[in-house]
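Peer 1: Pasting in a structure now, in structure tokens, and then I'll have a few things to ask.
The values are calculated or read from the model by the stated rules, or taken from the named source; none is laboratory data. No experiment lies behind these values; they were computed from the predicted model shown. Counting neighbours? That spans all protein chains shown, and the Cβs are built from the backbone with ideal geometry, glycine included.
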Amino acid sequence: MNFDDLKINDDIKSAVDKMGFSKLTPIQTKAIPDALSGRDIIGQAQTGSGKTFAFSIPILNKIFIPDKSPQAIVLCPTRELCIQVTEEIKKLSRDMDKVRILAVYGGQAIGRQIRVLNKGVHIVVGTPGRVIDHIERGTLDLIGVETVVLDEADEMLDMGFRDDIELILRHTPKQRQTLLFSATMRDDIKKIAKLYQNNPKFIKISDSRKTIPKIRQFSFKSDDRDKIDDLVKLIEYYDFNLWLIFCNTRRRVDFVYRNLKRRGYQVDSIHGDMTQKVRDKVMNKFRNGNISILVASDIAARGIDVSEIDVVVNYDIPQNPEDYIHRIGRTARAGDSGYAFNIVAPYEAHDLVKIRKKYNLNVKNKKVPSLEEIERIKNKKVMDDVRKLMENEDLEDYVNVITSSKMDATEVAAALLKMMREK
């Protein structure tokens with residue numbers, strides 16, 4: 001299905017077109033038509049499946065601009081995801097007239113949020129804790145809400161937000177539409193759905209290979225003490241622009257970051273113990289291309305949505321198979337291709353086997369490139385660039401310089417190559 005086939009506002013279609021999308025993803029194809037009709041939905045889909053569009057488009061399609069009280073609220077587990085979802089909705093509404101969207105989350109001055117709420121907001125995107133804070137202060141009234149979205153519901157329950165979610169839902173009208181999205185469908189998710197949804201349609205995009213079909217996955221054997229050196233070899237050998245590296249603990253994040261920084265790479269790190277201000281600053285650097293490598297923990301990485309990430313590296317293999325899918329889903333966003341590298345110590349081999357079996361993944365074994373292979377690939381890259389210059393540029397003036405020097409042209413080329421490689 002194409003976006004043009006949907007019965008939605010032309011301004012939304014225009015925005016989607018400007019964002020470069022034409023075809024719907026599976027979750028969008030199954031969810032959007034029913035959501036547009038007002039039906040409650042339970043959507044089970046992995047990260048990177050396009051679920052933000054699946055709930056944002058129906059919300060925007062029925063916004064009544066003259067009413068400046070909240071008409072929809074989206075609950076997210078983390079600040080990062082709040083920011084990401086808010087940015088997506090703003091992009092989708094760029095051609096609509098004066099749609100007001102506000103992200104509310106902890107770590108940001110509440111006074112600013114109150115001022116914006118007082119001026120009028122159509123859509124609120126928030127973390128449960130900060131939303132409740134506003135409700136209790138009387139600065140957020142949900143009586144006019146027509147749509148509630150629970151995004152990454154399983155993650156919110158894992159973080160202990162169940163009571164908060166139920167409290168928020170009780171402050172919204174009973175006749176609302178409720179859209180629930182989750183990567184997993186556990187009993188506690190089903191219980192929330194049974195209590196707070198009305199005859200929901202269950203949509204399952206279950207095969208992880210369908211939601212991340214273009215991720216080429218590889219495993220590299222390594223001893224734990226050699227992992228940092230092997231990571232550097234991979235970075236040197238593979239010519240990728242943006243690297244996202246996952247570690248299981250904050251201590252490992254710091255270790256990898258310090259070692260890469262010491263070796264001169266454009267790198268930064270993000271983990272759950274950082275303040276929100278620091279995390280926002282690091283994420284902006286990564287999005288803007290000011291750093292090429294981001295080292296992250298699972299908790300801090302919720303909400304990372306940078307479409308140009310070339311490769312995700314599991315420096316540590318996650319013990320929870322679902323975390324693996326969440327991690328590698330950060331690359332190959334919206335139909336692009338991507339890579340997933342796993343650096344596997346002997347004690348982690350069994351964890352990777354479990355993950356491969358659970359999702360029937362095609363993870364190919366590869367050897368870490370040798371120093372000789374790295375030198376060869378770097379020399380080849382320089383020579384490829386030289387060949388392109390020879391084919392596309394006028395080099396006559398430079399040829400005259402070499403000729404008049406009366407030095408051997410081959411030795412001059414070798415010396416220049418040495419200078420380039422060793423600078």
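Peer 1: Has region 64-82 got at least one residue that is β-branched (Val, Ile, Thr), touching a residue at least 12 places away in the same chain (Cβ under 8 Å), under 22 Å from residue 284 (Cα atoms) and in contact with a Ser or Thr (Cβ under 8 Å, 6 or more places away or on another chain)?
Peer 2: yes
Peer 1: Please report, ordered by residue number, the helices (runs of 4 or more DSSP H) entirely within region 360-423 with at least 3 residues that are in contact with a Leu (Cβ under 9 Å, 6 or more places away or on another chain).
Peer 2: 371-392
Peer 1: Identify the residue in region 57-101 that is small (Gly, Ala, Ser) and under 25 Å from the mean Cα position of the chain (by Cα) and, among all such residues, is surrounded by the most Cβ atoms within 10 Å (Cβ to Cβ).
Peer 2: 72
Peer 1: A further question follows. Quick check on my filter: what residues within region 12-32 are assigned to a loop (DSSP other than H, G, I, E, B) and either touching a Leu at 6+ places or on another chain (Cβ under 9 Å) or over 14 Å from residue 1 (Cα atoms) (or both)?
Peer 2: Listed by number, the residues that qualify are 19, 20, 24.
Okay, residues lined up against (1) assigned to a loop (DSSP other than H, G, I, E, B); (2) in the same structural domain as residue 145 (by TED's automatic domain parsing); (3) out of contact with any strand residue (DSSP E or B) (no Cβ under 7 Å at 6 or more places or on another chain):
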| residue | (1), (2), (3) |
| --- | --- |
| 56 | no, yes, yes |
| 74 | no, yes, no |
| 102 | no, yes, no |
| 108 | yes, yes, yes |
| 112 | no, yes, yes |
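Peer 1: Moving on to the next point. For region 33-54, which residues satisfy the criterion of being part of a loop (DSSP other than H, G, I, E, B) and under 21 Å from the mean Cα position of the chain (by Cα)?
Peer 2: Of everything in region 33-54, those that are part of a loop (DSSP other than H, G, I, E, B) and under 21 Å from the mean Cα position of the chain (by Cα) turn out to be 45, 46, 47, 48, 49, 50.
Peer 1: If I go through region 339-361 residue by residue, how many of them are at pLDDT 90 or above, among the aromatic types (Phe, Trp, Tyr) and in contact with a helix residue (DSSP H, G or I) (Cβ under 7 Å, 6 or more places away or on another chain)?
Peer 2: Looking only at that region, the number is 1.
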